[in-house]
Amino acid sequence: RSLAGMLLVAAGLLLAVAAGGRGSPAGEQESPPGSRFVCTSLPLDAAGAGCPLPPVPMQGGALPPEEELKATVLQLRETVLQQKETIGSQREAIRELTGKLSRCEGADGKSAAGAWNNEVGKGKDTMGDLPRDPAQVIDQLSRTMQTLKDRLESLEHQLRANVSYVALPSDLREMLQRRLGDLERQLLSKVAELEDEKSLLHNETSAHRQKTETALNALLERVSELEKGNSAFKSPDEFKVSLPLRTNYLYGKIKKTLPELYAFTVCLWLRSSASPGIGTPFSYAVPGQANEIVLIEWGNNPIELLINDKVAQLPLFISDGKWHHICITWTTRDGMWEAFQDGEKLGTGENLAPWHPIKPGGVLILGQEQDTVGGRFDATQAFVGEMSQFNIWDRVLRAEDIMNIANCSMNMPGNIIPWVDNNVDVFGGATKWPVETCEERLLDL
């Protein structure tokens with residue numbers, strides 16, 4: 001049974017005894033003469049007004065479990081303190097009650113017992129649950145008090161265990177900081193591993209790229225050796241440059257450049273069947289003037305000679321896929337020009353950039369038209385075909401000399417730009433091959 005119920009019974013007993021009783025024996029000081037004690041049982045509901053029950057903690061509600069547990073502990077602690085005060089204040093009353101009970105059960109035990117039994121028969125026996133010895137009642141109350149104290153300590157211990165992490169945010173922060181520190185160290189370790197792997201991968205990639213470049217260089221050297229083997233010309237001038245595709249990256253380049261010229265003669269052998277137009281057999285560009293000297297057949301236009309961006313149309317027809325010998329002469333005096341095909345003069349004119357000397361220090365390109373010095377080629381203006389024996393003189397050659405060169409009866413290299421192997425470089429897939437132009441020309445006839 002609960003402590004509250006036991007206290008209720010004890011309080012009822014105290015009220016019953018205090019309400020009346022039989023007279024005490026002579027000489028006793030506890031009761032005045034002539035008084036009598038009546039031992040009468042009281043119902044439980046009759047003691048409610050004199051012995052209020054301790055407040056019972058409310059269970060459940062909207063509070064969190066930790067707050068509800070804390071409120072319960074506080075209420076239990078207050079109840080224990082109240083019960084301690086009640087027990088202390090009623091110890092003397094209990095001792096007095098003990099003496100009076102002894103008198104009730106003493107000399108007049110029979111009549112008192114009869115009266116007691118009669119009264120009990122009439123009402124509810126509220127003493128049936130209590131021990132007969134009051135000392136046992138006090139001992140049981142003491143044990144109950146100790147049990148309550150033990151339960152209180154247990155509840156407080158559970159409360160501290162359950163709310164320690166909530167009520168102590170500093171401990172929680174320390175734990176989280178330790179955890180975050182561990183995670184940070186793991187992350188830094190993983191980053192370091194990734195950096196090492198990246199470095200290894202970079203090293204492997206660099207080594208692989210170096211090996212690839214080495215292999216490519218070796219392959220290019222081998223190709224150059226093979227080209228040299230194929231270009232084992234009988235003489236330095238017996239070769240041709242082949243430009244098989246109309247692109248902006250196949251071309252040849254003359255290593256030497258031109259001095260300042262007041263007259264020139266340009267002769268070359270070429271073969272092309274490209275349409276429309278054979279493109280640009282050669283171009284010479286200087287800083288500030290990309291069209292210093294250009295020979296071009298572009299689209300459906302006739303072959304044109306450009307000097308300092310001035311234009312003269314030439315009566316030449318060379319796109320039949322056969323070898324043709326072409327010579328062009330020009331002089332700054334009055335801008336006079338002449339055009340020869342296969343040793344025959346087909347056209348002449350004047351006022352082509354008169355009194356303009358050819359500027360020195362430019363770039364001479366075979367197969368492409370230059371929009372800037374040495375570059376910005378246009379694929380639509382590229383030469384498609386083969387050429388050989390490109391020579392330049394710093395004077396106007398006689399018609400007889402040009403005829404002899406075209407008939408292969410005389411070999412006359414250019415005194416400014418001669419056609420020799422070590423003076424011509426090819427790029428972008430253009431190739432040099434051995435050839436005897438006069439023999440191949442005879443095959444075309």
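If DNA, RNA and ligands are ignored and the probe is 1.4 Å, what is the ranking of Met412, Met145 by accessible area, most exposed first?
Met412, Met145
How much of Ile94 can a 1.4 Å solvent probe reach, expressed as accessible area in Å² and rounded to 10?
40 Å²
Would you list Tyr249, Tyr284 from the most to the least accessible area, probe 1.4 Å?
Ranking Tyr249, Tyr284 by accessible area, largest first, yields Tyr249, Tyr284.
What does the highest-first list of 235-241, 330-336 look like by mean Cβ count within 10 Å?
Per-residue mean Cβ counts within 10 Å order the peptides as 235-241, 330-336.
For the range 255-321, take every pair of Cα atoms, bin their distances at 10 Å starting from 0, and report each bin as a whole percent.
18, 51, 26, 4
Give me the compactness ratio for the range 297-432, meaning the Cα radius of gyration over 2.2 N^0.38 Å.
1.07
Sorting His324, His208 by accessible area (1.4 Å probe), largest first, what list results?
Listed by decreasing accessible area, they come as His208, His324.
The values are calculated or read from the model by the stated rules, or taken from the named source; none is laboratory data. Since we're looking at a predicted model, the values are computed, not measured. In this analysis, Cβ positions are derived from the backbone assuming ideal geometry, glycine residues included, and neighbour counts consider all displayed protein chains. Accessible surface is based on the protein model in full, side chains and every heavy atom, while ligands, DNA and RNA are left aside. Shrake-Rupley method; radii C 1.70, N 1.55, O 1.52, S 1.80 Å.
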